[in-house]
Amino acid sequence: MIVRIAIGAALAASVAGAGYAKGSLSGGGFAAAVALGTAVFVAGGWGWSLTLIAFFVSSSLLSSLELGRKESLAEKFAKGRTRDWAQVLANGGVPLLLAAAVLVFPKTARLASLGVVGALAAVTADTWATEIGVLGRSEPRLITTMAQVPRGTSGGISALGLAASLAGGIFIGVTALLLNRWIPGRPGAVIAAGGALGGIFGSLVDSLLGASLQGVYFCDKCGVETEQKVHRCGERTRLVRGLGWMDNDLVNFVGAAAGAAVSILLAVLMR
């Protein structure tokens, strides 16, 4: 076990260290990523870890895409492209809980593995949808009313964003499929389908929560909507819709949990 922990910590530190050096992680984000990566490796081995790395690397690369165009939308989002500890746990919290479940109850390993696929597919799908969708030419529409909304609006969807979301889920599903030896007894079709369906479903849950319950604020000084309680200009914003305690990190966690649930349910139904 000590050797396994050491290997997991070294792997997590090397990947997180590269992310920190490139500005993808803050200091707190680095520490959280190392803890998360170590726990995931100890519980799930190389399969879980490589799938987690696939999410992190692909998302970090996409966040750097067309930075100039995305800069104009930065005031809308609660946080920038540098992930802090809360964002790391929002995206990796479900795999972390599943890792804990496996360590306490080893017999849950098979279903937990599929849950990890679904959770990582969901956060990958959501991240890809955001990073690619905001670059589209057409304005997005709010998922609940289909009314046109400005780019970067919580709960906004577009054809390009949905396509990116599906691609992200499939990407994780295929990654897990290539590593299917770490999910003994599960056919590759179930693994791939769990990624694709878990990804798109989790991403849609994320968008629904973003459009309905997530707290959205308004800066009277700048005249813009934002997810920030204190705007970039320094002005304290006022809540205009949603719940103040339902922030983007919590929305991401719930979306990941939804993706995990779909992946596990699919496996049970196809048993």
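Read the figures in this text as sums done on the coordinates, not as results from a lab. This structure is a prediction, so every number in the text was calculated from the model and none was measured. Cβ atoms come from the backbone with ideal geometry, glycine included; neighbour counts cover every protein chain shown.
Close lysine pairs were tallied over the stretch 69-269: pairs 8 or more places apart or on different chains with Cα atoms under 24 Å apart number 8. In this structure, the amide hydrogen of Ser24, modeled 1.01 Å from its nitrogen in the peptide plane, lies closer than 5 angstrom to no residue at least 5 positions away or on a different chain.
Dipole check for the stretch 69-269: with +1 at the C-beta of Lys and Arg, -1 at the C-beta of Asp and Glu, and the Cα centre as origin, the magnitude is about 200 Debye.
Please list the helices of the chain that count as membrane-span-like by this rule: a mean Kyte-Doolittle hydropathy of at least -0.5 together with Cα atoms stretching 27 Å or more along the helix axis, each helix being a complete DSSP H run. Intermediate results must be reported in sequence, preceding the final value.
Numbers: long enough: 2-21 (28 Å, 1.61); 27-63 (29 Å, 1.46); 109-133 (34 Å, 0.98); 159-178 (28 Å, 2.04); 188-212 (36 Å, 1.43); 248-269 (31 Å, 1.73).
The qualifying helices are 2-21, 27-63, 109-133, 159-178, 188-212, 248-269.
Between Ala31 and Cys222, the modelled label-to-label distance comes to 2.8 nm, taking each label 7 Å out from Cα in the direction of the beta carbon.
Just the isolated ones, please: cysteines in the chain lacking another cysteine beta carbon under 4.7 angstrom. Cys233, each lacking another Cys Cβ under 4.7 Å.
3J(HN,Hα) couplings calculated from phi for the stretch 213-222 with the Karplus curve 6.51 cos²θ - 1.76 cosθ + 1.60 (θ = phi - 60°) are, in sequence order, 9, 5, x, 10, 10, 10, 8, 5, 5, 9 Hz; Gly and Pro show x.
Hey, can you rank 112-122, 235-245 by average C-beta count inside 10 Å, highest first?
Values: 112-122: 33.1, 235-245: 13.5.
Top to bottom by mean Cβ count within 10 Å: 112-122, 235-245.
Summarising the label geometry, the points placed 7 Å from Cα in the beta-carbon direction at Trp245 and Ala189 lie 4.5 nm from one another. Full extension of the chain between Arg238 and Ile2 yields a length gain of 80.0 nm, computed as 0.36 nm times the residue separation minus the alpha carbon distance.
Between Val230 and Val174, residue separation times 0.36 nm minus the direct Cα-Cα distance comes to 16.1 nm.
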